[in-house]
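Report on the following structure.
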Amino acid sequence: MVERVAPGIWWLHGTRGSNVFVVEAADGRMALVDTGFASSAPAVIQELERAGLRERVDAILLTHVHADHSGAANAIRRATGARVVAGRGDCAENDGALVLRPVIGRTHVGRLILSRIAGKRETTPVDVAVEGEEEVLAGIRAIPAPGHTPGSYCYVADHLGVAFVGDLVISHPDRLSRPMRLANHNDRQYEQTLQAFAAMAPGAGFPGHGAPILEGFDSRLRTLASQRRARGTLLRRERLSRMVRFVRGLLRTRRAQ
């Protein structure tokens, strides 16, 4: 069954790529936050069905376009009838309609690696393209978070005091970290976003990778934002180790704890 990690929030099992959460809006409707790779679609649909949530899912809130977060969106959209919500900067026009941009990495190497991991990707229609700050469901605000991708967003559920932050940060057992520079579309813009969001973050945070932080997320995020990125050749081994762990996490299917 899905794992209830906080009031009104569930963490799905059987997915691969990013974390996939379900959040209850203030009016009782449900939203899925990210979807994992395309291969996660059957597990997401099955988990929603088992938990009795499938008919209540009204929206699929995508934090950004990368395939490990949005790959299963179209299949889940078809299965549930939920609207796909994404940042306008991550959308493109296709025959007069908006779809997710077919971009899965900043560099040629990144695109090659992720395409091998992600597999074939469907064209995903976008039903709601958000620009600026906007309430997308009752009590849930979409907050622009550009930098990691042009249309990255965080979603803040004010009635629950939580934020879903995608790849704004990565959660480790002992700390938060930034995504690597090469993973960001515009690293300078990302740093500005990190500073701005840290100043208004709630106490609980749900990153796209790693465990949720149920207490002290705001203070941990401010600490990270106050620190400069580590530089220098002595840290290359640590960065390589982080990259290896991250890729392993993308490939691993999430299991019940």
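Just so you know, all these numbers are worked out from the coordinates, no wet-lab data involved. All values derive from a computational prediction rather than experimental measurement. Note: ideal-geometry Cβ built from the backbone for every residue, glycine included; neighbour counts use all protein chains shown.
Miscellaneous remarks
- Amide H partners (placed H, <5 Å) of Val162, local residues excluded: Ala157
- Here the Karplus curve 6.51 cos²θ - 1.76 cosθ + 1.60, taken at θ = phi - 60°, turns the phi angles of the stretch 84-89 into couplings of 8, 10, 8, x, 4, x Hz, with x standing for Gly and Pro.
- For Glu191 and Asp95, the difference between the fully extended length at 0.36 nm per residue and the C-alpha to C-alpha distance is 31.1 nm.
- Taking only alpha carbon atoms, the stretch 1-85 gives an Rg to Rh ratio of 0.91, where Rh is the Kirkwood radius.
- Whole-Hz ³J(HN,Hα) from phi, Karplus 6.51 cos²θ - 1.76 cosθ + 1.60, for the stretch 184-199, glycine and proline x: 8, 5, 9, 5, 5, 5, 4, 4, 5, 5, 4, 4, 5, 6, 4, 6
- Isotropically averaged projected area of the stretch 115-196, using the convex hull of Cα atoms (one quarter of hull area), nm²: 7.3 nm²
- Ordering 65-75, 205-215 by mean Cβ neighbour count within 10 Å, with the highest value first, yields 65-75, 205-215.
- Distance between the stretch 155-232 and the stretch 70-97 - C-alpha centres, whole angstrom: 25 Å
- Given R0 = 25 Å, the distance between the Cβ atoms of Asp174 and Ala199 translates into a calculated FRET efficiency of 0.60.
- Simple label model, 7 Å out from Cα along Cβ direction - Ala211 to Arg228, nm: 3.2 nm
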